[in-house]
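J.: Handing you this structure, nothing more for now.
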Amino acid sequence: MEITEKEKYIATHWGQKVLVDIDNSGNKQYYPIVQSNMYRIEESHLELVSIHDISDKDVIEWYETMCPPNHRKAPKEQLKKWNQDFDTFYPQMCKDLLFFIFIHAAPIETIDFLRGKGYAIQWGKYYVEDLIKEGVLILKK
């Protein structure tokens, strides 16, 4: 991956404090992606969260605000009546639906939402695994 491609990918996370650089003491330092820190990217990487580790809070926010209406199963109140274990069922249902939509060409709003929350997302021809191999990003544990 050429440096200009790396710059473009990193810029998709503009404003987020996900740029990791190692200081002289060997400690990780996190920097926001802003113009004044772009000089760091050649020797730095992003530290992002795997989409498979999406938090219940984030996936529910996506479902309730961005999920296409034709994919919604039923109103939240109705789902509560149908399922005894709603607190476990609801986040998992939202995740299953997100992954289904994501695999079958997610709308740009979904991609932007996930990227804006600090999740590692494919970029152009580069899958997350490619970006990891290229040293552009690592996944948070």
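Per-residue answers, yes or no, for (1) over 30 Å from K28 (Cβ atoms); (2) modelled with pLDDT of 85 or more; (3) assigned to a helix (DSSP H, G or I); (4) not basic (K, R):
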residue: W62; (1), (2), (3), (4): no, no, yes, yes
residue: A74; (1), (2), (3), (4): yes, no, no, yes
residue: K81; (1), (2), (3), (4): yes, no, yes, no
residue: K95; (1), (2), (3), (4): no, no, yes, no
residue: I101; (1), (2), (3), (4): yes, no, yes, yes
residue: R115; (1), (2), (3), (4): no, yes, yes, no
residue: I121; (1), (2), (3), (4): no, yes, no, yes
residue: G135; (1), (2), (3), (4): no, yes, no, yes
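J.: So is S25 more than 19 Å from G135 (Cβ to Cβ) and touching a strand residue (DSSP E or B) at 6+ places or on another chain (Cβ under 9 Å) or not? Walk me through it before giving the result.
T.: Numbers: more than 19 Å from G135 (Cβ to Cβ): yes; touching a strand residue (DSSP E or B) at 6+ places or on another chain (Cβ under 9 Å): no.
Against the criterion (more than 19 Å from G135 (Cβ to Cβ) and touching a strand residue (DSSP E or B) at 6+ places or on another chain (Cβ under 9 Å)), S25 does not qualify.
J.: Please find, among N27, N37, the residue that is modelled with pLDDT of 75 or more, farther than 30 Å from K125 by Cβ and surrounded by fewer than 16 Cβ atoms within 10 Å (Cβ to Cβ).
T.: N27
The values are calculated or read from the model by the stated rules, or taken from the named source; none is laboratory data. Bear in mind the structure is a predicted one, so any value in this text is a computation, not a measurement. Note that we place each Cβ from the backbone using ideal geometry, even for glycine, and neighbour counts take in every protein chain shown.
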